[in-house]
Structure formats: structure tokens, C-alpha cells
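Engineer: Mind looking over this structure? Questions follow.
The values are calculated or read from the model by the stated rules, or taken from the named source; none is laboratory data. Computed from a prediction, not measured in an experiment: that's the story for all the values here. Reconstructed Cβ throughout: ideal geometry from the backbone, glycine too, with neighbour counts over all protein chains shown.
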Amino acid sequence: MLSLNLNGEDAYVGALKNRMQHFQRKMLHGEKMKFNKIVIFGVGLIGGSFALGLRRANAVAEIVGFGRSTLEQAIQLGIIDRIGTDVSLEIHNADLVFLATPVGQMAELMARISPYLGKNTLVMDGGSTKGDVVLAAYANLGDKVAQFIPAHPIAGAERSGPAAARADLYTGKKVVLTPLPENSPAAVLRVRRAWELCGAVVSELTAQKHDEVFAAVSHLPHLLSFALVHDLSLRDNREQLLSFAASGFRDFTRIAASNPEMWRDICMANRDALLAELGSYMQELEIIHAALNTMDAAKLEEIFSQAREVRGNWAQQ
């Protein structure tokens, strides 16, 4: 995977925040933002919930969906108003285009929409990795890259498709923006407000820092959950093992029910950071293995106690 050099972007994000605050002060207090038209590629849990969240806020007039055969269901559920058939006709006058597909599809979609983007059309994604998406934007959006604001909603569920979408999915949940140096404060603010209208709490990171953080707290846990269930699935007595599995197994493996295609793309896209986190975890397992092998009960209790304390403090936040 190509590496993305974003040294110094932390300073840029800080400066951008200051400019955004100045821009916000110029806006009327409590001003209602309204989108005339939003186009969503991938009307499933993430894209569909964004649509429903804006509908609940009465902040969008029309939503057009592109994607797979489930779009008819999305219309029936009131998520979208129309199914898009021609990108050139739908993109040029859209206020916002949301790429809510697996990250592996982003580059192709950016190349597809780039020729038809109107000068006032903003584009954002919902991918769980940002370095690869930013590289794809520079490679495929050309001189329109300033219209692309990378985003990552930190919300989800095991279910997928339009039927899984909920208007309250983002209420109280974090959304991370990783602005580009080319983004204007007004463009970033408009995307921020869209997520806030869905009830989200919006933060900003650099793309590099984002991928490092989420390799540790999201991508690695998913990898471990998939690995445990896969390991059990290969055993001759798997039915017996699963018949005795209780809430602990259910809690730990819940995320192994997530979309395999999406998580394949995430793991490959964030390969470097994930390999580093996996290496660190393997060292931790070696320590636990050694403690068990030498019957070092004190070491196990020390590890368990520290983990329990950190987990308890985090849960109370």
C-alpha cells in the first residue's frame, strides 16, 4: 500500500478549526441548514441511516440512491425518493454526494462522478480507513479534490442493507472528519453540520492519525473476533462447542457477524497500521502464554486487574 505523508497536517487542522469558528460566528445563530438534493452511493446501514437522520431533521428535500438491487426496498422504506440511473444527470446539481460503499469501491466511484461534479457539489465518504481514500481522491478527483471532505461515522451494527437503517443511528455517536489542505472552511462546516443534524458529535483528525487510532480500537478487535469464530468453525466438534457458548462468547464475537467484504477492504487498506497493532497484541499473548506455562498466577492477576480498571474507567465515560 502506498504511504501517505501528512506531516504537518495537525497544524493545518488546528488552523482550519480557527477559520471555521470565524466562519460560524458570521452565521446567524440557530440557522437551519437545508439540502435540496443529496445523492447516496450505497443505501445500506450507513448511507440509509444518514438519509433517515436528515429526513428526521427535515433538512433535505430530495434523496437519490445509486447501488445494488436493494434500492427498491430503500424506496419502500422511505429512505430515498428516487433510484438514480444516470450519474451525469444526478451529480451536477446535487448539494452533497455521499460515498457510503466499502472502501475498495471508492476509487472507481470517484473516477465515475468526477467529470460531472457541479462547482458547488460537495463529496464525502463514510469509509473506516482514511489514508487510502485520501490517496484515491487525489488520484481520481483531480482539480475537484477540494470538494471532497473525508468522513468516518463511528456507528454501525451487524445487520446491513436498507432494512437495517435507522434515523437515530448517529445520535450521540462520533463522526471523524479528516479535512484536506484544499478544503475550504465553508465546505468542512457544511459537512460537519450535515452530520450534526443527524445527531452526531463531530471530531477532526489527520488521516494518518485516524488510521493509527482505529487500527487499535476497531480494526484489530474485528480481526480477532473473526479469527476466533473461524478457528472454532474448523473444528470437528464445533457444534458441541457452540452449544455451550454463552454471553461472554456472544459479546466477544458479535462483530464477527459484520460484512466480510467491507472488513476485507478495511484490513487491506489499513494493512500497515493493523500489522503493527497485531504484532503488539501477539506480544501480549506471548506474555500471557508464558504466565500460564510457568503457573505465574500473580502475573495473570496483574494483567487482568489493570485491564479491568482501564475497561471500567472507559465504560463510565
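Engineer: Please specify each residue of the stretch 47-74 satisfying the condition of being of a type in the set (A, V, I, L, M, F, W, C), modelled with pLDDT of 95 or more and part of a helix (DSSP H, G or I).
Structural biologist: Phe50, Ala51, Leu52, Leu54
One line per residue, one yes/no per condition, for (1) hydrophobic (A, V, I, L, M, F, W, C); (2) surrounded by 14 or more Cβ atoms within 10 Å (Cβ to Cβ):
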{"residue": "Thr171", "(1), (2)": "no, yes"}
{"residue": "Pro185", "(1), (2)": "no, yes"}
{"residue": "Trp195", "(1), (2)": "yes, yes"}
{"residue": "Ser218", "(1), (2)": "no, yes"}
{"residue": "Asp236", "(1), (2)": "no, no"}
{"residue": "Ser247", "(1), (2)": "no, no"}
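Engineer: Within the stretch 133-170, can you find the residues that are of a type outside the set (A, V, I, L, M, F, W, C), under 14 Å from the mean Cα position of the chain (by Cα) and at pLDDT 95 or above?
Structural biologist: Pro150, His152, Pro153, Tyr170
Engineer: How many residues, within the stretch 77-100, are of a type in the set (Val, Ile, Thr), farther than 25 Å from Ala186 by Cα and in contact with a helix residue (DSSP H, G or I) (Cβ under 9 Å, 6 or more places away or on another chain)?
Structural biologist: Residues meeting the conditions: 4.
Engineer: Further question on the same structure: For the stretch 120-202, which fully contained strands (runs of 3 or more DSSP E) count at least 3 residues that are under 20 Å from Val64 (Cβ atoms)? Spell out the reasoning first.
Structural biologist: Working: elements: 122-125, 151-153, 174-177.
Per the criteria, 122-125.
Engineer: Here's another thing I want to ask about it. Do you know which residues across the stretch 252-281 are exposed (fewer than 11 other Cβ atoms within 10 Å of the Cβ) and either among the hydrophobic types (A, V, I, L, M, F, W, C) or within 15 Å of Ser225 (Cα to Cα) (or both)?
Structural biologist: Pro260, the sole residue that qualifies.
Engineer: Do we have Val191 as within 22 Å of Arg56 (Cα to Cα), of a type in the set (Val, Ile, Thr), touching a residue at least 60 places away in the same chain (Cβ under 8 Å) and in contact with a Leu (Cβ under 9 Å, 6 or more places away or on another chain) here? Give the derivation first.
Structural biologist: Numbers: within 22 Å of Arg56 (Cα to Cα): yes; of a type in the set (Val, Ile, Thr): yes; touching a residue at least 60 places away in the same chain (Cβ under 8 Å): yes; in contact with a Leu (Cβ under 9 Å, 6 or more places away or on another chain): yes.
Criteria met by Val191.
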